[in-house]
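**Q** Sharing a structure, written as structure tokens. Questions coming.
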Amino acid sequence: MSLFPHLALAENGTSLNGFTVGWGTLSLINAGIAQGKGRSGFNWFLVSLLLGPVATFFLVIDDSNTQEEIKTLKEQVKKLQDKTGIK
């Protein structure tokens with residue numbers, strides 16, 4: 001009897017290593033997405049280790065940074081229009 005039966009080989013001879021590698025890879029990808037959105041990559045990496053695809057969903061639907069970028073771009077366009085006289 002195994003101490004950790006949930007880590008035993010599956011019927012087709014594979015273990016959960018593939019699942020573990022995939023979950024870890026997703027966590028790294030989520031950390032990169034978070035950093036790209038101005039969030040803490042390390043914190044999102046840890047959250048992703050626990051929540052996996054759920055964390056990905058929350059990262060993808062988060063548009064708070066996008067709204068800030070739109071506001072900044074509008075301000076830059078306004079400054080350029082004032083500077084050049086083009087409307």
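The values are calculated or read from the model by the stated rules, or taken from the named source; none is laboratory data. Keep in mind it's a predicted model, so treat the numbers as computed, not measured. Note that each Cβ is placed from the backbone with ideal geometry, even for glycine, and that neighbours are counted across all protein chains shown.
Residues are listed down the side, and each one gets a yes or a no for (1) among the small types (G, A, S); (2) in contact with a strand residue (DSSP E or B) (Cβ under 7 Å, 6 or more places away or on another chain); (3) modelled with pLDDT of 90 or more; (4) not in a helix (DSSP H, G or I):
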{"residue": "S15", "(1), (2), (3), (4)": "yes, no, no, yes"}
{"residue": "G18", "(1), (2), (3), (4)": "yes, no, no, no"}
{"residue": "T25", "(1), (2), (3), (4)": "no, no, yes, no"}
{"residue": "L28", "(1), (2), (3), (4)": "no, no, yes, no"}
{"residue": "G32", "(1), (2), (3), (4)": "yes, no, yes, no"}
{"residue": "G38", "(1), (2), (3), (4)": "yes, no, no, yes"}
{"residue": "W44", "(1), (2), (3), (4)": "no, no, yes, no"}
{"residue": "V47", "(1), (2), (3), (4)": "no, no, yes, no"}
{"residue": "T56", "(1), (2), (3), (4)": "no, no, yes, no"}
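**Q** Name the residue that is surrounded by the most Cβ atoms within 10 Å (Cβ to Cβ), counting only residues in the stretch 55-87 that are among the β-branched types (V, I, T) and closer than 14 Å to S27 by Cα.
**A** Filtering the stretch 55-87 for residues that are among the β-branched types (V, I, T) and closer than 14 Å to S27 by Cα, the one surrounded by the most Cβ atoms within 10 Å (Cβ to Cβ) comes out as T56.
**Q** Within the stretch 49-87, work out how many residues are free of Cβ contacts under 8 Å to residues at least 24 places away in the same chain, polar (S, T, N, Q) and within 21 Å of W23 (Cβ to Cβ).
**A** The qualifying residues number 0.
**Q** How many of the residues making up the stretch 26-54 are closer than 21 Å to E68 by Cα and surrounded by fewer than 15 Cβ atoms within 10 Å (Cβ to Cβ)?
**A** Residues flagged as closer than 21 Å to E68 by Cα and surrounded by fewer than 15 Cβ atoms within 10 Å (Cβ to Cβ) within the stretch 26-54 amount to 5.
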